[in-house]
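Here is the structure we will look at, set down as structure tokens.
The values are calculated or read from the model by the stated rules, or taken from the named source; none is laboratory data. Predicted, not measured: the structure shown is a model, and the values here were computed from it. Cβ: placed from backbone, ideal geometry, glycine included. Neighbour counts: every protein chain shown. For the accessible areas, the whole protein counts, side chains as well, though only heavy atoms, and no ligand, DNA or RNA atoms are used. Shrake-Rupley method; radii C 1.70, N 1.55, O 1.52, S 1.80 Å.
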Amino acid sequence: MSLRLYALLTVAVLFVAACGGGGVAPPPPSGTGTVTGTVTVAALQALAAAVGNPVPARPLRQSLNRPVYVPDRLMVKFRSGVAASAAAAVHQRAQAMVVRTIERLDVQVVRLAAGVSAEAAMAAYRGSGLVEYVERVGYAYRMITPNDPMYSSQWHYPQINLPQAWDVTTGGAVIVAVLDTGIRFDHPDLGGVTVTGYDFFDDDSNPTDPGCPNIDPSDPSHGTHVSGTVAARTNNGIGVAGVNWGGVAQTKIMPLRVLGEDPPDFCGVGTYDDIADAITHAADKGAKVINMSLGGSEGNTTVDNAITYARNRGVTLVAAAGNDSCGPVSYPARNSQVIAVAATTNTNQRASYSNCGPELDVAAPGGSSAAGVLSTTWSPSGGHTYLSFQGTSMATPHVAGLVALMISRGFTSPTTIQAQLESTATGLGAPGKDNEFGAGLVNAALAISGGPSAGRMRAFSGLISGTTISVQSNVVFVQSNGTFTITAAQAGTKSVFAWQDFNGNGVIDAGDYYGRTDGVVITDGGMTSGVAVTVNRYTGPTITPMGIMVVR
């Protein structure tokens, strides 16, 4: 909660059942090709007409548009005992020349002849039977700072080692459902970062934050501020950066309005029934993280049951500890299934307002009167702006946003996510968990490390027949900007799939993220570009992918 407003934020990933389809195809053409494209999550459409067109999407940061691989280089390791003459013959067939050897690893780096594609050369190496593995040579780039002009004032990101985490991931196709005062869709730093939400406070389909016009027209939008911390448009040359680099093919926000004006006294107040309803709604619509930057003093069975409902559907819930100067941890943060977040200052001290107790799990920057948390906001009298707030409300979206980053790296279980956050946190108080910081200040760079590859979003091509997919390509990771390059894709008219296996059981079933684009023509030796796959929360019958062999 902020010191001025009480709010709730939720992170959600919206995924809808894909159609069945496909059918048995005729014998496929010989040869393989390459498919490139982009994965997105279902975007806000109906509401856009009600609130006006979103701000045009700005380009992603330059680093995300840089090439991933050196175009003419491969690394090759032959099996033990292969004679040098036999290896040389394989190199010749692949039309490649050895340019260096990594002696300790027995790996040869080769340069391809002009006009030879990496895919063709890799197929030649693999077909020899003599090669242990062959892989492309990727580029590594220096740490890049977002070009948002106010980023230099966002001290709270370096404090949790977020720039180092951005070197690995800037987010993925994840939806963050924000349970709060609503959002200003037309804020210039939030255009294109939302999916369809709902207004539980007024019971309508438009969760735009109307502000507090009757009590205090200058009161800034709490929900817009929290949303900006989670996923403001980043590296777009304006405003601020978000923990996730929100955008067309990246992290999205599902705004769920549960707080509003209650004349004559209160701005930003809500009720437990709306909160419970919003939690279950977010879980049903694909939320994988729920951030609750609000709190009350009393527990509630209905909200507890809603939390259990969401948690059982693989949702990680995060809530603010409260701002009562080391008073008891607020509810629902103190629910054991929710990650309770305390607030720190820019000097890594406990913020004087931050609540205390054994229920605390982690801490994150919440700011102080000397240095607040800078993000997007709006008010009826002031319009769109950027302001620094302080409060555990501001700390909480740092953690929710970090959870979304972790999901993009393959962490999918709420239990695993919380354990990873706590085990990698920087201790600031007594050894182990303490009553002021929980496990300590979250460390983004460490929290995203070591994610299970099977949990990351993957793309591949093939054919679907009923509830079985015949995978007919390499299986590749979807990058943090939503792009993918599928290699060794069997030629013919195929479907292109994107899938994130949230429960790790190896099949596409309820709660996974899944999408499919049919009718993609793949030619022998060619490249099919611009394939767009929309992923949604899957709710249909179990689909079994057959033939997944390689993940790259």
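Got at least one residue in segment 196-211 being in a loop (DSSP other than H, G, I, E, B), touching a helix residue (DSSP H, G or I) at 6+ places or on another chain (Cβ under 8 Å) and surrounded by fewer than 17 Cβ atoms within 10 Å (Cβ to Cβ)?
yes
Which residues, taken from segment 151-193, are of a type in the set (A, V, I, L, M) and under 15 Å from the mean Cα position of the chain (by Cα)? Give the derivation first.
Our first condition is that a residue be of a type in the set (A, V, I, L, M); within segment 151-193, this holds for 160, 162, 165, 168, 173-179, 183, 190, 193.
Passing the criteria: Leu162, Ala165, Val168, Ala173, Val174, Ile175, Val176, Ala177, Val178, Val193.
Applying the selection to segment 476-511, what residues are aliphatic (A, V, I, L, M), in contact (Cβ under 8 Å) with a residue 60 or more places away in the chain and in contact with a Gly (Cβ under 9 Å, 6 or more places away or on another chain)?
First, the residues of segment 476-511 that are aliphatic (A, V, I, L, M): 476, 478, 486, 488-489, 491, 496, 498, 507-508, 510.
With in contact (Cβ under 8 Å) with a residue 60 or more places away in the chain added as a condition, the list becomes 476, 478, 486, 488-489, 491, 496, 498.
Within segment 476-511, Val478, Ile486, Ala488, Ala489, Ala491, Val496, Ala498 meet the criteria.
Pairs only if they're at least six apart or on different chains, beta carbon under 8 angstrom, first in segment 196-212 and on the phi > 0 side of the Ramachandran plot, second surrounded by fewer than 17 Cβ atoms within 10 Å (Cβ to Cβ); list them, first residue then second.
Gly211/Pro217
Is one or more of the residues making up segment 335-344 farther than 24 Å from Asn443 by Cβ, at pLDDT 95 or above and either buried (at least 17 other Cβ atoms within 10 Å of the Cβ) or of a type in the set (Gly, Ala, Ser) (or both)?
Start the filter on segment 335-344 by keeping residues that are farther than 24 Å from Asn443 by Cβ, which leaves 335.
Next cut, at pLDDT 95 or above only: 335.
Then keep just the ones that are either buried (at least 17 other Cβ atoms within 10 Å of the Cβ) or of a type in the set (Gly, Ala, Ser) (or both); that gives 335.
Yes, segment 335-344 contains a residue that is farther than 24 Å from Asn443 by Cβ, at pLDDT 95 or above and either buried (at least 17 other Cβ atoms within 10 Å of the Cβ) or of a type in the set (Gly, Ala, Ser) (or both).
Out of segment 427-462, which residues are open to solvent by 40 Å² or more (accessible area, probe 1.4 Å) and at pLDDT 95 or above?
Residues satisfying the conditions are Asn435, Glu436, Leu446.
Scan segment 357-377 and tell me whether some residue there is open to solvent by 50 Å² or more (accessible area, probe 1.4 Å), at pLDDT 95 or above and closer than 27 Å to Trp166 by Cα. Please lay out each step first, then the result.
Pass one, segment 357-377, residues open to solvent by 50 Å² or more (accessible area, probe 1.4 Å): 358-359, 369-370.
With at pLDDT 95 or above added as a condition, the list becomes 358-359.
Applying the additional criterion that residues be closer than 27 Å to Trp166 by Cα yields none.
No; the residues of segment 357-377 include none that is open to solvent by 50 Å² or more (accessible area, probe 1.4 Å), at pLDDT 95 or above and closer than 27 Å to Trp166 by Cα.
Just checking, how many residues over segment 478-506 are closer than 24 Å to Thr251 by Cα and either among the acidic types (Asp, Glu) or open to solvent by less than 30 Å² (accessible area, probe 1.4 Å) (or both)?
The qualifying residues number 13.
Report yes if some residue within segment 301-310 is closer than 24 Å to Ser375 by Cβ, open to solvent by less than 50 Å² (accessible area, probe 1.4 Å) and touching a helix residue (DSSP H, G or I) at 6+ places or on another chain (Cβ under 9 Å); otherwise report no.
Within segment 301-310, not a single residue is closer than 24 Å to Ser375 by Cβ, open to solvent by less than 50 Å² (accessible area, probe 1.4 Å) and touching a helix residue (DSSP H, G or I) at 6+ places or on another chain (Cβ under 9 Å).
Which residue pairs have Cβ atoms closer than 9 Å, lie 6 or more positions apart in sequence or on different chains, and pair a first residue in segment 274-291 that is within 21 Å of Ala231 (Cα to Cα) with a second residue that is open to solvent by less than 10 Å² (accessible area, probe 1.4 Å) and aromatic (Phe, Trp, Tyr)?
These pairs meet every condition: Lys285/Phe15; Gly286/Phe15; Gly286/Tyr513; Gly286/Tyr538; Lys288/Tyr513.
Please tell me if Val496 is closer than 19 Å to Val338 by Cβ, modelled with pLDDT of 95 or more and among the aliphatic types (A, V, I, L, M). So that I can check it myself, show each step before the final result.
Numbers: closer than 19 Å to Val338 by Cβ: no; modelled with pLDDT of 95 or more: yes; among the aliphatic types (A, V, I, L, M): yes.
No.
Do we have Phe411 as within 17 Å of the chain's Cα centre (by Cα) and either of a type outside the set (A, V, I, L, M) or at pLDDT 95 or above (or both) here? Even if it seems obvious, please write down each step before you answer.
Working: within 17 Å of the chain's Cα centre (by Cα): yes; either of a type outside the set (A, V, I, L, M) or at pLDDT 95 or above (or both): yes.
For Phe411, the condition - within 17 Å of the chain's Cα centre (by Cα) and either of a type outside the set (A, V, I, L, M) or at pLDDT 95 or above (or both) - is met.
So Met527 clears everything in (1) aliphatic (A, V, I, L, M); (2) in contact with a Ser or Thr (Cβ under 6 Å, 6 or more places away or on another chain); (3) modelled with pLDDT of 95 or more; (4) open to solvent by 10 Å² or more (accessible area, probe 1.4 Å) except one condition, right? Which one?
Tallying (1) aliphatic (A, V, I, L, M); (2) in contact with a Ser or Thr (Cβ under 6 Å, 6 or more places away or on another chain); (3) modelled with pLDDT of 95 or more; (4) open to solvent by 10 Å² or more (accessible area, probe 1.4 Å), Met527 fails exactly one: (3).
Output the number of the condition that Leu256 fails; it satisfies all remaining conditions of (1) on the phi < 0 side of the Ramachandran plot; (2) buried (at least 24 other Cβ atoms within 10 Å of the Cβ); (3) outside any strand (DSSP E or B).
The one condition Leu256 does not meet is (3).
For segment 94-118: of the residues being buried (at least 19 other Cβ atoms within 10 Å of the Cβ) and at pLDDT below 95, which is farthest from Thr34 (Cα to Cα)?
It comes out as Gln108.
Quick one: what pairs do we get from segment 512-533, first residue over 23 Å from Gly31 (Cα atoms), second part of a strand (DSSP E or B) and among the basic types (Lys, Arg), C-beta under 8 Å, 6+ apart or different chains?
Matching pairs, first to second residue: Asp512/Arg537; Tyr513/Arg537; Val533/Arg516.
Just the residues that are at positive phi and at pLDDT 95 or above, please, taken from segment 499-519.
Kept after step one, since they are at positive phi, are these residues of segment 499-519: 504, 506, 511, 519.
If the condition is that a residue be at positive phi and at pLDDT 95 or above, then Gly519 is the only one that fits.
So how many residues does segment 505-541 have that are under 24 Å from the mean Cα position of the chain (by Cα), of a type outside the set (A, V, I, L, M) and farther than 24 Å from Arg136 by Cα?
Number satisfying all stated conditions: 16.
State yes or no: is Ser293 within 25 Å of the chain's Cα centre (by Cα) and surrounded by 21 or more Cβ atoms within 10 Å (Cβ to Cβ)? If you could, list the steps in order and put the result at the bottom.
On the way: within 25 Å of the chain's Cα centre (by Cα): yes; surrounded by 21 or more Cβ atoms within 10 Å (Cβ to Cβ): yes.
Yes, satisfied.
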